[in-house]
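Contents: one structure, followed by commentary.
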């Protein structure tokens, strides 16, 4: 079976690395979609895992397993590297949508990945504001 290409926001990858309410849904996506990500996605995943550990929502073993799962997923993903075009695109997106800087960079990277032709391209995300901005930008959001 060939995987459907998709751009993944880190919010859709976190549930693959540690048990979350969206884990079952994320696993289904992972079984059917390829993984393209923004360059800093691995850092974002580790940031969330570290925050969950500090807050006592996961223990040291879950943190260690989550980090390993993130590394395993990263071995097969396509990473969109930073560029002046992506930075400029993110700035434009910040003027259009109520996004945080990191989310604007994610969406700008997704647009770069889609060669600025998002129609029919899949964007996977569990963050509501980013989902809406990706939809308005032309992506199919799952």
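Laboratory data are not the source of any read-out in this text; all were calculated from the coordinates shown. Note that this is a predicted model, so its numbers are computed, not measured. Heads up, the Cβs are rebuilt from the backbone with ideal geometry, glycines too, and the neighbour counts pull from every protein chain shown.
The table that follows gives values for the structure above.
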| item | result |
| --- | --- |
| Quarter of Cα convex hull surface for the chain, i.e. mean projection, nm² | 8.3 |
| Sorted peptide list for 35-47, 106-118, criterion being average Cβ within 10 angstrom, highest first | 106-118, 35-47 |
| Highest-MSF residue in the chain out of 34, 56, 89 [GNM, Cα springs under 10 Å] | 56 |
| Degrees between helix 128-137 axis and first principal axis of the chain (Cα, 0 to 90, nearest 10) | 30 |
